[in-house]
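The values are calculated or read from the model by the stated rules, or taken from the named source; none is laboratory data. Keep in mind the model is a prediction, meaning the values are calculated, not measured. Using ideal geometry, Cβ is built from the backbone for each residue, glycine included, and neighbour counts are taken over all protein chains shown. The area values use the complete protein model at the heavy-atom level, side chains included, leaving out ligands, DNA and RNA. Shrake-Rupley method; radii C 1.70, N 1.55, O 1.52, S 1.80 Å.
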Amino acid sequence: MRVVIFGATGMVGQGVLRECLLAEDVREVVTVGRRPTGRQDPKLRELTVPDVGDLEAVRAELTGVDACFYCLGVSSVGMDEASYTRVSYDYPLAAARVLAEVSPPVTFIYVSGVGTDSSERGRVMWARVKGRAENAIIDLLPNGYAARPGFIQPTYGAVSRTRWYRVLYAATGPLVPVLRRLFPNQVTTTDGIGRAMLRVAREGSPTRVLGNRELR
């Protein structure tokens with residue numbers, strides 16, 4: 001498989017990148033983002049773009065892609081709806097539209113989160129925006145999916161780029177084994193998400209919205 005990852009420097013993206021590089025059936029991993037990952041691997045090819053919403057400069061590099069794992073995201077804290085929409089709706093739709101044109105059979109998995117609002121009418125801003133993005137991607141691509149992880153345990157050195165997330169994970173780290181026993185369907189790991197995405201890329205899924213249970 002030839003795989004493209006958006007947001008490979010984020011916490012989830014780091015886990016997904018690791019699993020893709022380890023997978024024997026993945027021959028090439030292309031990352032797209034504003035900064036390099038810092039990883040080195042014979043399979044890895046990195047494309048840096050100044051604006052993730054404008055992919056014309058790398059359009060030719062996105063042909064022949066079997067799977068796209070869209071892990072780019074930001075916290076909605078302190079953001080207005082227009083700014084959050086640009087990152088969480090406009091950017092992923094830009095990627096999905098280009099891939100729909102140059103690699104139509106692509107399996108495209110957009111990472112949103114538990115609580116995302118498919119109705120697009122709820123009171124929670126981030127949930128509405130991500131619900132709108134999920135719906136648009138699923139409508140656009142025959143093999144479009146949304147992944148809604150719950151509590152994510154960072155593994156194998158994956159680190160969030162958001163400071164208060166890092167503080168949260170550091171504080172809750174010792175409690176994760178207890179959380180996994182009490183709420184087994186609500187806790188997953190960064191490497192687990194990567195393996196789940198690869199499984200969907202290989203086999204497909206009857207469910208287009210992948211909750212924490214499916215991601216485990």
* Looking at (1) under 18 Å from ASP191 (Cα atoms); (2) touching a strand residue (DSSP E or B) at 6+ places or on another chain (Cβ under 9 Å); (3) modelled with pLDDT of 95 or more, find the lone condition where GLY73 falls short. => (3)
* Asked: Quick check: is even one residue across the stretch 91-108 basic (Lys, Arg) and within 24 Å of LYS130 (Cα to Cα)?
  -> yes
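The rows are residues; the columns are (1) open to solvent by 70 Å² or more (accessible area, probe 1.4 Å); (2) without any contact (Cβ under 8 Å) to a residue 40 or more places away in the chain; (3) not in a loop (DSSP other than H, G, I, E, B).
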residue: LEU21; (1), (2), (3): no, yes, yes
residue: ASP25; (1), (2), (3): no, no, no
residue: VAL30; (1), (2), (3): no, yes, yes
residue: PRO36; (1), (2), (3): yes, yes, no
residue: ARG45; (1), (2), (3): yes, yes, yes
residue: ASP54; (1), (2), (3): yes, no, no
residue: GLU61; (1), (2), (3): no, yes, yes
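Okay, residues lined up against (1) at pLDDT below 95; (2) within 28 Å of ALA96 (Cα to Cα):
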| residue | (1), (2) |
| --- | --- |
| GLU134 | no, yes |
| ASP139 | no, yes |
| ILE152 | yes, yes |
| VAL159 | yes, yes |
| TRP164 | yes, no |
| LEU168 | yes, no |
| LEU175 | yes, no |
| THR189 | yes, yes |
| LEU198 | no, yes |
* To do: Kindly provide the set of residues from the stretch 130-160 that are aromatic (Phe, Trp, Tyr) and either open to solvent by 30 Å² or more (accessible area, probe 1.4 Å) or more than 23 Å from ASP191 (Cα to Cα) (or both), ordered by number.
  => PHE151, TYR156
* Given the structure, is ASP41 charged (D, E, K, R) and in contact with a Leu (Cβ under 9 Å, 6 or more places away or on another chain)? -> yes
* **In the stretch 96-110, residue surrounded by the fewest Cβ atoms within 10 Å (Cβ to Cβ) [restricted to those that are closer than 21 Å to VAL16 by Cα and in contact with a helix residue (DSSP H, G or I) (Cβ under 8 Å, 6 or more places away or on another chain)]** => SER103
* To do: Test GLY15 against the stated conditions and say whether it is modelled with pLDDT under 95, over 25 Å from PRO104 (Cα atoms) and open to solvent by less than 70 Å² (accessible area, probe 1.4 Å).
  => no
* Asked: Just wondering, is there one or more residues in the stretch 81-96 that are modelled with pLDDT of 95 or more and within 19 Å of ARG195 (Cβ to Cβ)?
  -> no
* Hey, among ALA95, ALA57, ALA67, which residue is more than 21 Å from GLY157 (Cβ to Cβ) and over 17 Å from the mean Cα position of the chain (by Cα)? -> ALA57
* Asked: For the stretch 78-86, does any single residue satisfy the condition of being open to solvent by less than 40 Å² (accessible area, probe 1.4 Å) and of a type outside the set (Val, Ile, Thr)?
  -> yes
* **Criterion violated by ALA23 - all others in (1) at pLDDT 95 or above; (2) touching an Asp or Glu at 6+ places or on another chain (Cβ under 9 Å) satisfied** => (2)
